[in-house]
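Notes for the one structure printed next.
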Amino acid sequence: MRRLGLAIVVALISSAPALAQPNCRNTADFGRWLADFKRDALAQGISPRALEAAAPYLVLDQRIINIDRGQRFFAQTFQEMSEKMLPGGRLTGGAAKIKQHRALFDREEKEFGVPAAVITAFWGLESDFGAGQGKDHSIRSIVTLAYDCRRPDMFRAHLFDSLRIIERGDLNPEEMIGSWAGELGQTQFMPSEYMAHAIDYDGDGRRNLIKSVPDVIGSTGKYLLHLGWKRGEPWLQEVSLPSSFPWKEADLSIKHPRSQWAGLGVTLPGGRPLAKDNLPASVVLPVGRFGPAFLAYDNFQAYLQWNQSLNYSLTAAYYATRLDGAPAMNKGSDIPKITLDEAREVQQLLERRGYDVGRIDGVLGLKTRVAIRDAQIKFALPADGWPTAELLARLRAGR
């Protein structure tokens, strides 16, 4: 699972709630652990030269563990996140980047099929087009997280691939500066993603996602193709729903042809007719039935593969639609709100009823939204997957 983009972290972390600490404790001696790791690296064919080059950064950094254990996840809704992240130059700046690098984007789309707007939206959200790639040394962060007991196997694999990046000559150890969690480059690839999907698009013999814009554009397109991107198909489209809409149908797990959605009264904004074809799509209500509504197409799954956060994925996809020429969304009105503590209580009460809501943190992720929708169906409430005071009262009453 990828974390939220670096630019989003910088903008939102100050207002986000802290999570409970994981229970695991580190008891192994780091020096002994590192010696064992080096032996394993040599056994995997990584050269002594690469290990020696990385040696100054193969150190334990307790600060990284503290950040990871105290990660702040974001309770902002999709609308709050998009309103915070898209102004301030990301729309005009993104349009300028597309114009500036039009030939590169045309080449990438011909080869991989991903539109310029889609790549540019990730580029803007992840690093402000390269201006904010992070200040931590990737190898130091990753060796620390590989040693730490919380997710050692995942980061151990990334550490091997960090050394392979050096071995291949793509990056020198001293230039591998990125996020605190080890991501590298202008669209923030973890080292294993870097090894598997980065490409040399400027022909200089290196895959440099930190400095080379051509490498960033080509590699991001190639990676999205790997994540399932379908050439020539849409990803997200704003729609209008009638008051008679069957709300329980609004879920990412439910797909219908556009013709069927049109038969249920779904239109484009302003009442313009929706195409009546067989292209499958799901209706997504980011903040329930009183807020904006979207059709999410198969390509939206690539966003969720990039980052499992629904709000991040919706923000990135909506940003791309704006860069592609779509107008600003209809924000809706009278959207029900509950507090963060009440959202945690909803999760706790749903978990007691046997639902898997993921982490109890007040953040309305995909699992929580599915559980809310199911509970709303059982309580004969409008099943739009959005928590309300009425739902909380029903859950508290146990009926």
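Rounded to a whole number, what % of the accessible area of the chain do carbon and sulfur atoms account for, probe 1.4 Å? Of all accessible area on the chain, carbon and sulfur atoms account for 51 percent. For the listed peptides 156-166, 38-48, 309-319, 289-299, a ranking on the average number of other beta carbons within 10 Å per residue, highest first, reads 309-319, 156-166, 289-299, 38-48.
Could you tell me which of the pairs Lys97/Lys276; Lys38/Lys230; Lys97/Lys222 are separated by over 30 angstrom between their Cα atoms in the structure shown? Going by Cα-Cα distance, Lys97/Lys276; Lys38/Lys230 fall outside the 30 Å limit. The alpha carbon centroids of the range 218-265 and the range 156-189 are separated by 34 Å. Accessible surface calculations at 1.4 Å, restricted to protein heavy atoms, place the range 52-201 at 36 Å² per residue.
Between Asp204 and Gln308, the simple spin-label model (points 7 angstrom out along Cα→Cβ) gives 3.6 nm. Judged by the mean number of other Cβ atoms found within 10 Å, the most tightly packed of the peptides 189-199, 49-59 leads the ranking 189-199, 49-59. Straight Cα distances below 18 angstrom link Lys84 to the lysines Lys331, with same-chain residues fewer than 8 positions distant left out. In a reduced charge model with +1 at each Lys and Arg Cβ and -1 at each Asp and Glu Cβ, the chain shows a dipole moment near 800 debye about its Cα centre. A Förster distance of 51 Å, applied to the separation of the beta-carbon atoms of Lys110 and Arg396, puts the FRET efficiency at 0.35. Going by a ≥ b ≥ c, the root eigenvalues of the Cα gyration tensor, does the chain fall in the rounded group (a/c under 1.5), the prolate group (a/b larger than b/c) or the oblate group? Oblate is the answer for the chain, as a/c is 1.5 or above yet b/c matches or exceeds a/b. Our estimate of slack between Ala103 and Asp40, defined as 0.36 nm per intervening residue step minus the Cα-Cα distance, is 18.3 nm. Legend: calculated FRET efficiency, Ala380 to Glu351, from the Cβ-Cβ distance at R0 = 22 Å, rounded to 0.05, equals 0.50. Note on Lys211: aspartates and glutamates with a C-alpha under 14 Å away, same-chain residues under 8 apart excluded, are Asp128, Asp170, Glu174, Glu175, Asp200, Asp202. Once the 1.4 Å probe is applied to the protein heavy atoms, the range 228-351 comes out at 43 Å² accessible per residue.
Annotation for Asn26 and Leu340: the two label points, set 7 Å from Cα along the Cα-Cβ direction, are 2.7 nm apart. Taking 0.36 nm per residue of sequence separation and removing the Cα-Cα distance, the Ser243/Ala275 pair yields an extension gain of 9.5 nm.
Have a look at Leu304, Pro327, Thr339 and report the one farthest towards the positive end of the charge dipole of the range 256-394, computed about the Cα centre with Cβ charges (Lys/Arg +1, Asp/Glu -1). Looking along the dipole axis, the top candidate is Pro327.
The values are calculated or read from the model by the stated rules, or taken from the named source; none is laboratory data. None of the values given here were measured: they were computed from a predicted structure. Cβ coordinates were reconstructed from backbone atoms using ideal geometry, including for glycine residues, and neighbour counts include every protein chain displayed. Protein only, heavy atoms only, side chains kept; ligands, DNA and RNA dropped before computing areas. Shrake-Rupley method; radii C 1.70, N 1.55, O 1.52, S 1.80 Å.
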